[in-house]
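Quick notes on the structure that follows.
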Amino acid sequence: MEPFVYRDGRLFAEGVDLATVAEAVGTPFYCYSHGHLSAQAEGFDGAFGELPHLTCFSVKACSNLAILALMARRGLGFDIVSGGELARCLAAGADPTKIVYSGVGKSAAEMRQALEAGIRCFNVESPGELDLLDRVAGKLGVRAPVALRVNPDVDPQTHPYISTGLKENKFGISHREAVAEYRRAAAMANIDVVGVDCHIGSQLTTVQPFLDALDRLLALVERLGEAGVAVRHLDLGGGLGIRYDNEAPPTPAEYAGALVERIAPTGLTLILEPGRVLVGNGGCFVTRVLYTKGNEGKRFVIVDGGMNDLVRPALYGAYQEILPVAAHRSRPNRIVDVVGPICETGDFLARSRELPVVRPGELLAVMSAGAYGFSMASTYNTRPRVAEVMVRGDRYHVIRERETVASLMAGEQIPEGV
């Protein structure tokens, strides 16, 4: 389904006018389409058909409890990278046996938390992490299920900040060293080797890099078998992209078809960690115009949403479509920078963007903001994080209240005599 459409010149989320939500909850805010998220989750998971598989939503993409609960109720598992994300998943009703734990910097306390919860697998990223996990599991009297995250040195052809599968990236263990490290893991008393893991990057718009990585992983699985190390699953990570502008990424069905053909003969269970592709186009960020101004030919639209609320344009130079919530077809277009109130030159949502003329008080919607929007938000400049809303049909629900300045200062202390 199309989550955001114009009706009589007004931008709707499913059956709700975004202007109505803005009047009720204030601006800025994030809005998500329940129907779109549900359809994406079911469509992605269903694309793999009868192949033994587990789809684990990547929590870092969008970690609101309501969205995690939506995924869990559709049978999905979760890919986590912190103890906090584990706590969120469990609070949302996740099955711990469907949780895989990624990330390069797991602490002993986080390992203990995950072992006590009974998660499905740790994706181990370094020899040092493997040693620590063995010790922590030994103290608890359990065996930790482990897959080594292998760095296949495959170019994902994406932004360098979200490329994770090249040898110069911090992630994983070199595929050339993997067999030796697997042998070491298999000999540990408190480690149960269960799989092979890989994740090469985010926002991939072609299938070929996935296939290149998969071929290297399958060759590794064969070498592991020859070395007497048997694995039961192959985790290919996430990374399938979405359309922000004119990209044409493969559909989940096209992606699945290419993978299933290679994996089915192996008998391995496939684990996937999609994030952006499930939620990215199902969310938007709504902000209100405060002022417009010109500066020697340069035009600015100043809005109440800033880089602390939505950092992707500033951090990655990312393009996200911007639409007026009320379309005025009679107005001309102008080239403008859409900027926020943060005291940084890098505080922008768009640069040199052609947009219809807008006036103070009007609303703009930044599209494709469901992934890495709110989850990357900060309170820089003591700006409370914004509200999150989920629309379902002709109703909306506030799924996260707007923070207050008082809540930001609640844990701070002024020592006597300062």
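All of the numbers you see were taken from the coordinates with simple rules; none came from a lab. Keep in mind that this is a model prediction, so the values were computed, not measured. Note that each Cβ is placed from the backbone with ideal geometry, even for glycine, and that neighbours are counted across all protein chains shown.
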Discussion item. Given the -39500 (n - 2.57) contribution per DSSP H run of 4+ residues, what per-residue ellipticity at 222 nm results for the chain, rounded to the nearest 500 deg cm²/dmol?
Written reply: -8000 deg cm²/dmol
Worksheet item: Between region 281-322 and region 206-273, what's the alpha-carbon centroid distance in Å?
Response: 36 Å
Discussion item. What number does region 34-279 give for Rg over Rh if you use C-alpha atoms and the Kirkwood radius?
Written reply: 0.94
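Would you mind computing Rg(Cα) / (2.2 N^0.38 Å) for region 280-352, counting N as its residues?
Numbers: Rg = 12.4 Å, N = 73, 2.2 N^0.38 = 11.2 Å.
Ratio of Cα Rg to 2.2 N^0.38 Å: 1.10.
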Worksheet item: How big is the Rg/Rh ratio for region 180-244, C-alpha atoms only, Rh by Kirkwood, two decimals?
Response: 1.09
Item to complete: Subtract the Cα-Cα distance of Glu321 and Ala91 from 0.36 nm times their separation in residues, and report this length gain in nm to one decimal.
Response: 79.4 nm
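So if R0 is 30 Å, what FRET efficiency would Leu290 and Met409 give, r being the distance between their Cβ atoms, rounded to the nearest 0.05? Could the numbers behind the result be given before it?
Numbers: r = 25 Å, r/R0 = 0.82.
Efficiency, rounded to the nearest 0.05: 0.75.
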Discussion item. How tilted is helix 252-263 with respect to the longest principal axis of the chain? Cα atoms for both, answer in degrees (0 to 90, nearest 10).
Written reply: 10 degrees
Worksheet item: Which one of Gly346, Gly105, Ala39 has its Cα pushed farthest toward the positive end of the charge dipole of the chain, where Lys and Arg give +1 and Asp and Glu give -1 at the Cβ?
Response: Gly346
Discussion item. Using a 7 Å offset from the Cα along the Cα-to-Cβ direction at both Ala227 and Glu42, what is the distance between the two label points in nm, to one decimal?
Written reply: 4.4 nm
Fill in: Cut-off 16 Å (backbone N to label point 7 Å along Cα→Cβ of Leu140), residues of region 212-244
none
Worksheet, complete the sentence: The exposure ranking of Thr27, Thr206, fewest beta-carbon neighbours within 10 Å first, is Thr206, Thr27
Discussion item. Helix 208-226 against the longest principal axis of the chain: what's the angle in degrees, Cα atoms only, rounded to the nearest 10?
Written reply: 20 degrees
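Taking only the Cα atoms of region 12-130, how large is their convex hull per residue, in Å³? The partial results should precede the final answer.
Working: hull volume 15.1 nm³, N = 119.
Value for region 12-130: 127 Å³ per residue.
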Worksheet item: Most mobile of Ala187, Ala213, Ala147 per a Gaussian network model of the chain (Cα springs, under 10 Å)?
Response: Ala187
Fill in: Ala264 paired with Leu65, simple spin-label distance in nm, labels 7 Å along Cα-to-beta-carbon
4.2 nm
Practice prompt. Kindly write out, for region 56-68 in residue order, the coupling ³J(HN,Hα) from the Karplus curve 6.51 cos²θ - 1.76 cosθ + 1.60 (θ = phi - 60°), rounded to whole Hz, with x marking Gly and Pro.
Written response: 10, 4, 7, 4, 4, 5, 6, 9, 4, 4, 5, 6, 5
Worksheet item: Going by how many other beta carbons lie within 10 Å of each one, how would you line up Lys98, Lys60, Lys298, fewest first?
Response: Lys298, Lys98, Lys60
Worksheet item: Using Cα atoms only, what is the angle between the long axis of helix 127-140 and the major principal axis of the chain, expressed in degrees (0 to 90) to the nearest 10?
Response: 80 degrees
Worksheet item: What is the Rg over Rh value, at two decimals, for region 85-139, using alpha-carbon atoms and the Kirkwood definition of Rh?
Response: 0.96
Fill in: Separation of the Arg395 and Ser330 label points, Cα + 7 Å toward Cβ, nm
3.9 nm
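As a test of understanding, state the convex hull volume per residue of region 363-418 from its alpha carbons, in Å³. Could you put the intermediate results ahead of the total?
Working: hull volume 7.2 nm³, N = 56.
That works out to 129 Å³ per residue.
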Response to the item:
Across Ala109, Ala318, Ala61, the residue with the highest GNM fluctuation in the chain (Cα network, 10 Å cutoff) is Ala109
Worksheet item: In Å, what is the Rg of the alpha-carbon atoms in the chain, and how long is Dmax?
Response: 22.9, 73
